[in-house]
1. If a residue has to be surrounded by fewer than 21 Cβ atoms within 10 Å (Cβ to Cβ) and at pLDDT 85 or above to count, how many in the range 6-40 make the cut?
2. Going by what's in this entry, would residue 127 be described as in contact with a helix residue (DSSP H, G or I) (Cβ under 8 Å, 6 or more places away or on another chain) and either farther than 28 Å from residue 305 by Cβ or crowded, with 18+ Cβ neighbours inside 10 Å (or both)?
3. Which condition does residue 234 not pass, out of (1) in contact (Cβ under 8 Å) with a residue 12 or more places away in the chain; (2) within 16 Å of ligand 2 (Cβ to nearest atom), if it passes all the others?
4. For residue 86, all conditions in the list (1) in contact with a helix residue (DSSP H, G or I) (Cβ under 7 Å, 6 or more places away or on another chain); (2) crowded, with 22+ Cβ neighbours inside 10 Å hold save one; what is the number of the exception?
5. Just checking, which of 167, 97, 90, 156 is more than 14 Å from ligand 2 (Cβ to nearest atom) and over 26 Å from residue 44 (Cβ atoms)?
6. Evaluate the following for residue 327: is it more than 16 Å from ligand 4 (Cβ to nearest atom), under 19 Å from residue 108 (Cβ atoms), surrounded by fewer than 20 Cβ atoms within 10 Å (Cβ to Cβ) and not assigned by TED's automatic domain parsing to the domain that holds residue 79?
7. Looking at this structure, is residue 304 touching a residue at least 40 places away in the same chain (Cβ under 8 Å) and either in a helix (DSSP H, G or I) or crowded, with 17+ Cβ neighbours inside 10 Å (or both)?
Ligand SMILES: [Ca+2]
Ligand SMILES: [Ca+2]
Ligand SMILES: [Ca+2]
Ligand SMILES: [Ca+2]
């Protein structure tokens with residue numbers, strides 16, 4: 001009987017374990033409020049900068065009179081990435097911009113030929129033909145973009161998505177409308193959901209106010225299927241996320257980034273922003289493989305890709321030419337830069353393959 005009781009006890013423990021494991025895999029409800037599954041292990045980064053876009057004090061679910069990004073939480077359940085961004089998105093058509101790096105390749109700098117979505121707002125941040133365009137940190141090359149906004153009377157919300165292919169082009173889509181605080185965007189074709197609860201009055205303050213976004217449990221929440229991100233764990237297992245608040249025309253970046261900027265004011269013209277020159281990484285990592293280096297090794301086919309953006313272009317050519325006669329533009333290991341390196345670069349022109 002002892003044996004029988006022991007087995008019953010073991011089975012009871014196993015049952016609890018299995019049930020609790022299954023429970024742990026219940027996905028978050030995309031409603032703009034923080035679910036328990038996001039914390040604490042999926043608590044990726046916290047804001048440490050006051051907001052230059054207003055500290056909302058309305059405390060109602062649908063309207064906000066300021067924008068801030070207090071914290072980022074992320075979890076993958078059932079092949080879907082769930083993001084929770086604590087904070088507010090002002091109901092004046094300011095934009096939430098979210099860039100996701102989910103595989104090798106992609107865009108380290110936004111070109112000007114991405115999909116025309118949200119009144120061509122994505123390309124408002126890209127290269128205008130003069131070689132500018134929003135540039136991310138060195139180890140971040142975005143593969144997917146999702147943006148949301150809210151405003152009007154009565155207040156509504158909208159969202160758009162786009163692929164960010166290494167060479168540009170790609171596809172984008174408007175994914176629908178909802179109502180902050182009550183109706184989530186729920187796009188059945190793409191499996192994308194977005195919800196906003198704008199009632200936060202805590203988190204960071206405005207100029208001179210609180211500098212910590214810790215503890216905020218309402219904000220913007222979304223679900224994006226991994227297949228839509230192009231997630232390819234054979235090339236990159238960890239998922240990186242860069243989020244920011246932008247102006248109503250995608251035309252004026254705030255100081256609300258996640259991962260956060262060091263204390264500083266709004267960044268302004270998106271095309272002139274180069275996050276690689278700003279201290280720290282303005283992206284957070286959802287770690288799937290703790291052994292994966294932050295920067296994937298450069299593909300062997302790409303020795304002339306001096307800046308690591310996986311495109312051989314004019315900036316690499318400039319590096320090579322300025323290093324002529326020195327090792328700075330060497331591609332074949334002979335410790336000098338000469339015509340053979342130039343020929344290698346020109347024959348590899350375009351995306352690394
Ligand atoms: Ca939720
Ligand atoms: Ca990428
Ligand atoms: Ca606040
Ligand atoms: Ca940086």
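1. Residues that pass the stated criteria total 10.
2. Yes.
3. (1)
4. The number of the failed condition is (1).
5. Result: 156 is the single residue among 167, 97, 90, 156 that is more than 14 Å from ligand 2 (Cβ to nearest atom) and over 26 Å from residue 44 (Cβ atoms).
6. Criteria not met by residue 327.
7. yes
To keep it simple, each residue is scored yes or no on (1) touching a residue at least 12 places away in the same chain (Cβ under 8 Å); (2) part of a loop (DSSP other than H, G, I, E, B); (3) more than 16 Å from ligand 4 (Cβ to nearest atom).
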{"position": "149", "(1), (2), (3)": "yes, no, yes"}
{"position": "153", "(1), (2), (3)": "no, yes, yes"}
{"position": "158", "(1), (2), (3)": "yes, no, yes"}
{"position": "166", "(1), (2), (3)": "yes, yes, yes"}
{"position": "169", "(1), (2), (3)": "yes, yes, yes"}
{"position": "174", "(1), (2), (3)": "yes, no, yes"}
{"position": "190", "(1), (2), (3)": "yes, yes, yes"}
{"position": "198", "(1), (2), (3)": "yes, yes, yes"}
{"position": "212", "(1), (2), (3)": "yes, yes, yes"}
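The values are calculated or read from the model by the stated rules, or taken from the named source; none is laboratory data. Nothing here was measured: the structure is a model prediction, and the numbers come from that model. FYI the Cβ positions are ideal-geometry reconstructions off the backbone, even for glycines, and counts take in every protein chain you see.
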